[in-house]
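Structure record follows, encoded as structure tokens.
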Amino acid sequence: MEQCKRRTDFFFYVWLFFLLSCFGWLWEGFLYLFKDDMYVNRGFLTGPWLPIYGVGGVMLELLLRRWRDRPLLIFGFSMIVCTALEYLAGWYLELTWKVKWWDYSALPCNLQGRICLYSALLFGVGGMLLVWLVSPLFSSFYRRIPWKIQVGAGILAVVLFTADAAYSAIYPHIGAGITYR
């Protein structure tokens, strides 16, 4: 039984990754819809996911779940972890494709346009919501799903994501409204 529990725990994080990646894709798309009156797929990938949200969320859940009762600690670590992740992702994408997928240069307290204080504060709030509310609710929902569906859907999502990542490594999703310069 313990081995089965470990497997479902792995797929919990697979599902959490995709839930948060899809949420990030929707969040940024709607932000630009309201800003520019046009929906834009803001991601590097073609599919409906922004993996930086999934990676950041899974990292926060793994690192901070034991401190659910310490909101200031969660807020501070969420700011630090997600801001570092955003900086590194921005640096890597710029280095690899010579294009920026986001630019905070016009905002105060930014570092090379890759990160800024405003987004760091949002990461802190988002991390608190994730660790306090979203992850426990999602865990409750996830545990009710039959194991075969957890695994099958998880594997299918990973296969689709991998195919998208391979395609996008050759043909990155760039252009007007998506990238800068």
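Read-outs throughout are calculated quantities, based only on the coordinates presented, and are distinct from any laboratory measurement. Predicted model only: the values in this text are computed from it and were never measured. Cβ placement follows ideal geometry from the backbone for every residue including glycine, while neighbour counts extend to all protein chains displayed.
For the stretch 93-165, relative contact order (Cα pairs under 8 Å, six or more residues apart, normalised by length) works out to 11 percent.
Take the Cα pairs of the stretch 16-88, get the Kirkwood Rh, then feed it into Stokes-Einstein at 37 °C and 0.692 mPa s and tell me D in µm²/s. Diffusion coefficient, whole number: 249 µm²/s.
The orientation-averaged projection of the convex hull spanning the C-alpha atoms of the stretch 35-181 amounts to 10.2 square nanometres.
Quarter the surface of the alpha carbon convex hull of the stretch 98-181 and you get the mean projected area, 7.9 square nanometres.
So what J values fall out for the stretch 9-25 if you push phi through Karplus, 6.51 cos²θ - 1.76 cosθ + 1.60 with θ = phi - 60°, rounded to Hz, Gly and Pro as x? My calculation for the stretch 9-25 gives 4, 4, 6, 4, 6, 4, 5, 4, 4, 6, 4, 6, 5, 5, 4, x, 4 Hz in order. Selection among 54, 97, 77 by position relative to the dipole of the stretch 45-98 gives 77 as farthest towards the positive end (Cβ unit charges, Cα centre).
Less than 5 angstrom separates the built amide H of residue 100 from those of 180, all sequence-distant by 5 or more or on a different chain. Comparing mean-square fluctuations of 103, 69, 37 from a GNM of the chain with C-alpha springs under 10 Å, the top value falls on 37. Taking 68, 114, 144 in turn, the Gaussian network model of the chain (Cα-Cα springs below 10 Å) assigns the largest fluctuation to 144.
For residue 65 and residue 10, compute 0.36 nm times the residue count separating them, minus their Cα-Cα distance, and round to one decimal in nm. Please list the in-between numbers first.
Values: separation 55, 0.36 × 55 = 19.80 nm, distance 1.54 nm.
Full-extension gain reported as 18.3 nm.
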